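Asker: One structure, as C-alpha cells, below. Some questions next.
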Amino acid sequence: MTAPPPPVLHLGGLGFERGAHLLVQRALRALRPGEELGVAGEDPALSVHLRAWCRGHGHRVRAPGPGEGGVREWVVRGRFDLDRWSDAERAGEAGPGRVLARPSPAWGLAARGALVESGGPAGPFDLADREHVWADVAPSLYARAAAEQWDPASAVDWDTPFELPEEIERAVVQVMTYLVENEQAALVVPARLLARIHPHFREVLQLLAVQAADEARHMEVFTRRALLRGGALGTSSAGGRQSLDTLLTEADFSLASFLLSVLGEGSFLNLLGFLERHAPDPITRRITGLARRDEARHVAFGVAHLHHRATLDPAFRARLRAAVERRHDALVDTAGLNQDVFDALVVLAAGEWTPEAVARGYDAVVRLRAEMDEGRQRRLVHLGFPPDEAAELSALHTRNFM
C-alpha cells in the first residue's frame, strides 16, 4: 500500500510576524517525530522566519527537492516539544476539593491543576503545608467576602447633617484614632503572611488579600470620620503600640491568626458593636456597622483554621497557650489601654455630662470588657480548651483589646 503524501500547510500571505507560527504549530501536533510538513505561502520572509522558529522549537527544515514545487520549505518534526513535557507533572487538580497536603515547591507560581514544566524556579513559600494554613470554609468565606465588598464613597453618606457638642466630637475622634492604629496592625499581619503561602492554597491567599483590603478600607473610613469636622487626630499611647507590635513579630501562621483574628479581632467585634450602639451620629454608626461585618469574616476564618488544626493535632493547643502567655509576659509592664480611649468610650456611652450618665457610661464600658472576655472564652472552648483554661487564657489577653 502506498503511503499517503505528507500534508502541506498553505499560509497564503500570512507571515510569522502576524501569527503564522500558530498554524504551523497546530499542524505539527498531528505528526510523529520524523514526519514532514510542507509549508507553502507568499510572504517573502517566510523561509527565514520559519527556519528561525524551527531552530528554537527543535524541528529541522529542508529545502524542497525536484518535483516538490509549490512548497517553500519542508519541516521535519522533532522531539524537543515532546521531551520538554515528558517529565512535567500536574500541580494537583483545580478546585477547592483537590487541595494537596504538601504541594511541591518546584511548582512555584503555577496555577493549581496546571501541567508544570520541570526546571522552573522554586517559589519562596515556606508555608507549604495544608494543615498549617487551610480551613475548609476558606472558599465559601472568600466568595462571601468578594460579594460583600463596599465602597467608602458610596456606602457612607458623608454629607449627612449632624451636630455634636465639642466634647463628644473629641471623644469620637479619639476612638477613631485608636481604631486606625489597630486596623493598620490588622492589615500588616495578613499582608506579611500572604507572601509566604504556597499559591496552591489559592483560596487562603484570596481570602487574606480581601482581609487586607478590608482593613485598608477601615483605615480610610475611620480616618475620614476623625477628620470630618476639621480637627486633629487624638493620642497614641506607647503601651498600645507595643501591644500591637507583639502581633507583628509572631512568625507562625497559626499563632498569628490565633492572636490577631481569634482573640484580637474577636474582641474588636464587641467593640465595634458597642460603638454602633452608642454612636452619637449616623456616620459613626454606619462605618462601625460596616467594619463589624467585615471583621466577623476575619474571625470566622481564624476560628475555622485553628479548629481544623487543633482537631488534627490536639497537642497544638499547648502552643496556643504558650503564645498567649508569651505575649502577656511581654506586655506585663505596659499601661494597657490608652486612658484617653477608655475615657472616650465612657463619654460616648454616657451621651451627656451628668453624674448619672457618666456612671452609666462607665458601667457600659465595664460590661463591654466582660462581653469581650465571654466571647474570647467561647471561642477558646470551641477550639477545645476546657472552660477553666479558656477563662484563664482570656484573662491573660492584652488590656489593649487587640
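Asker: Would you kindly compute the Cα radius of gyration of region 130-395 and its largest Cα-Cα separation (Dmax), both in Å?
Answerer: Cα only, region 130-395: 18.6, 59 Å (Rg, Dmax).
Asker: Determine, for each peptide in 252-260, 83-91, the mean count of other beta carbons within 10 angstrom over its residues, then list the peptides with the highest first. Provide the component values of the computation, followed by the final result.
Answerer: Details: 252-260: 22.6, 83-91: 13.1.
For the peptides 252-260, 83-91, the packing ranking is 252-260, 83-91.
Asker: For the chain, what does the relative contact order come out to in percent, with C-alpha contacts under 8 Å and a separation of six or more? Please list the in-between numbers first.
Answerer: On the way: 570 pairs, mean separation 54.8, N = 402.
Averaging sequence separation for qualifying contacts and normalising by length gives 14 percent for the chain.
Asker: Is the shape of region 264-360 rounded, prolate or oblate, going by the alpha carbon gyration tensor and its root eigenvalues a ≥ b ≥ c, with a/c under 1.5 for rounded and a/b larger than b/c for prolate?
Answerer: Here region 264-360 falls in the oblate category.
Asker: Placing one identical point scatterer on every Cα of region 26-76 and ignoring solvent, what is log10 I(q)/I(0) from the Debye formula at q = 0.16, 0.32 Å⁻¹?
Answerer: With no solvent term, the Cα-only Debye profile gives -0.43, -1.38.
Asker: Please report the carbon-and-sulfur percent of the accessible area for the chain; probe 1.4 Å, protein heavy atoms only, DNA, RNA and ligands left out.
Answerer: Working: 10460 of 18910 Å².
Accessible surface attributable to carbon and sulfur in the chain totals 55 percent.
Asker: Using a 1.4 angstrom probe, figure out how much accessible area the chain has per residue, in square angstrom, rounded to the nearest whole. Mind dumping the intermediate values first?
Answerer: Numbers: 18910 Å² over 402 residues.
In whole numbers, the chain has 47 Å² accessible per residue.
Asker: Another question, then. Restricting to DSSP H runs of at least four residues, report the calculated mean residue ellipticity at 222 nm for the chain, -39500 (n - 2.57) per run over all residues, nearest 500 deg cm²/dmol.
Answerer: Values: 16 runs with 224 residues, N = 402.
Theoretical 222 nm ellipticity from helices: -18000 deg cm²/dmol.
Asker: While we're looking at this one, here's another question. Could you work out the local net charge near residue 334, counting Lys and Arg as +1, Asp and Glu as -1, over the other residues with Cβ closer than 10 Å to its Cβ? It would help to have the intermediate numbers written out before the result.
Answerer: Working: positive: 241, 399; negative: 333.
Neighbourhood net charge equals +1.
Asker: For region 68-80, just list the computed ³J(HN,Hα) in residue order, Karplus coefficients 6.51, -1.76 and 1.60, θ = phi - 60°, integers in Hz, with x standing in for Gly and Pro.
Answerer: Once θ is set to phi - 60°, the couplings for region 68-80 become 10, x, x, 9, 6, 8, 9, 9, 9, 5, x, 9, 4 Hz.
Asker: GNM, the chain, Cα, under 10 Å: largest mean-square fluctuation among 158, 134, 53?
Answerer: 53
The values are calculated or read from the model by the stated rules, or taken from the named source; none is laboratory data. On a predicted model such as this, the values are computed, not experimentally measured, just so you know. Cβ: placed from backbone, ideal geometry, glycine included. Neighbour counts: every protein chain shown. Side chains are part of the model used for accessible areas, which takes the heavy atoms of the whole protein and leaves out ligands, DNA and RNA. Shrake-Rupley method; radii C 1.70, N 1.55, O 1.52, S 1.80 Å.
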